[in-house]
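Some notes on the structure that comes next.
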Amino acid sequence: MAAVRDSVEIGLVIYPGVQQAAVLGLTDLFMLADQMAQARSTQAPRLRISHWQLQEDAVIRSFDSEPASSVPGPDNGPAMAILPPTLGQPIAREAAAPYAEWLRARHAAGATLGSVCAGAFVLAETGLLSSRVATTHWAYSEALAKRFPDILLDADRLVIDDGDIITVGGYMAWTDLGLKLVDRVLGPAVMMATARFMLVDPPGREQRFYSPFAPRLNHGDEAILKVQHWLQARGARDVTLGSMAEQAGLEERTFLRRFRNATGLKPTEYCQHLRVGKARDMLEMTTRSVDQIAWEVGYDDPGSFRKVFARITGLVPGDYRRRFGVERATQAGEEG
């Protein structure tokens with residue numbers, strides 16, 4: 001009997017005022033990517049696309065590309081939940097509340113959450129963006145900052161990938177988010193093939209093979225997932241094995257074993273990947289010196305930071321900036 005392939009569900013949240021064109025466009029994009037992947041390899045994971053709406057005080061599926069009866073295993077909801085943009089005013093807090101509760105539960109279960117444009121208002125109601133960097137459409141940035149002053153808003157950026165949460169700005173940026181998720185699940189070759197077929201530009205970073213760190217979150221170990229969220233929120237700065245084990249409520253040896261089983265990495269390696277991910281963003285988007293960036297992401301020794309960065313990305317920081325930075329570094333003598 002042939003082995004059943006994994007099915008990764010991406011759920012699109014149909015909240016009041018959602019832009020239907022984006023919902024349908026994302027549905028088509030994911031279905032096309034799934035077809036591309038299956039044509040390339042019979043072993044590729046399947047993409048299951050679903051729509052989720054509020055009905056009688058519960059958020060349930062209103063569309064499913066693979067009815068639950070045909071998908072093996074327990075029905076645990078989507079592995080990725082996406083909030084498309086809206087064409088009108090941002091959703092009211094009262095209307096967003098039931099969606100926010102559902103999104104918090106999905107996130108706690110290990111789902112990756114994403115928002116496009118004013119979809120960030122629904123995502124922000126969860127409280128999960130507190131003290132984290134996020135973006136939205138520039139036209140909504142003032143309103144978002146006023147309603148949620150604890151968000152570190154950066155509306156100048158189109159895409160902010162913070163591992164377990166991805167926010168993008170602009171009405172049409174749903175293509176960027178969609179392709180980013182395709183890259184995560186099906187790989188860069190399928191992502192590029194999908195972009196070419198749809199005649200859309202792929203996100204800048206996915207054109208390179210130095211893709212951002214995508215932590216494993218759907219492993220089912222609640223104690224370890226709690227630590228992952230804690231590390232993500234603080235950028236893995238000033239953390240020790242003891243403090244991580246304490247967050248998990250586990251003895252250190254047990255924590256080490258369970259963390260590696262859940263994430264595939266040792267805690268120190270995981271923290272390094274998170275810090276390098278933050279450093280990549282700063283190298284791409286700012287002209288701060290490598291030494292400044294090293295300190296900001298938690299390294300007292302810039303030399304150690306350079307070694308870790310090169311080991312993870314294959315490039316020293318200066319070369320990475322020259323390849324991928326928005327502006328060339330202006331500091332004299334910065335060779336990485």
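Structure data summary
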{"quantity": "0 to 90° range, to nearest 10: angle between helix 20-40 axis and the chain longest Cα axis", "calculated": "70"}
{"quantity": "Pairs of alpha carbons in the chain whose separation is greater than 39 Å (percent)", "calculated": "12"}
{"quantity": "Ranked list, fewest to most other Cβ atoms within 10 Å of each Cβ, for Tyr171, Tyr320", "calculated": "Tyr171, Tyr320"}
{"quantity": "As computed over region 153-261, the Cα convex hull volume per residue (Å³)", "calculated": "128"}
{"quantity": "Over the chain: helical MRE at 222 nm, DSSP H runs n ≥ 4 each giving -39500 (n - 2.57), nearest 500", "calculated": "-14000 deg cm²/dmol"}
{"quantity": "Calculated diffusion of region 7-207, Stokes-Einstein form, Kirkwood radius summed over Cα pairs, 10 °C and 1.306 mPa s, µm²/s", "calculated": "94"}
{"quantity": "Of Pro302, Leu315, Thr286, farthest towards positive along the dipole that unit charges on Lys, Arg, Asp, Glu beta carbons give region 280-325", "calculated": "Leu315"}
{"quantity": "Positive-end extreme of charge dipole, the chain - chosen from Val133, Leu24, Leu225 (charges on Cβ)", "calculated": "Leu225"}
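Each value in this text was obtained by applying a stated rule to the coordinates, not by laboratory testing. Keep in mind that this is a model prediction, so the values were computed, not measured. Methodologically, a virtual Cβ is constructed for each residue, glycine included, from the backbone with ideal geometry; neighbour enumeration extends over all protein chains shown.
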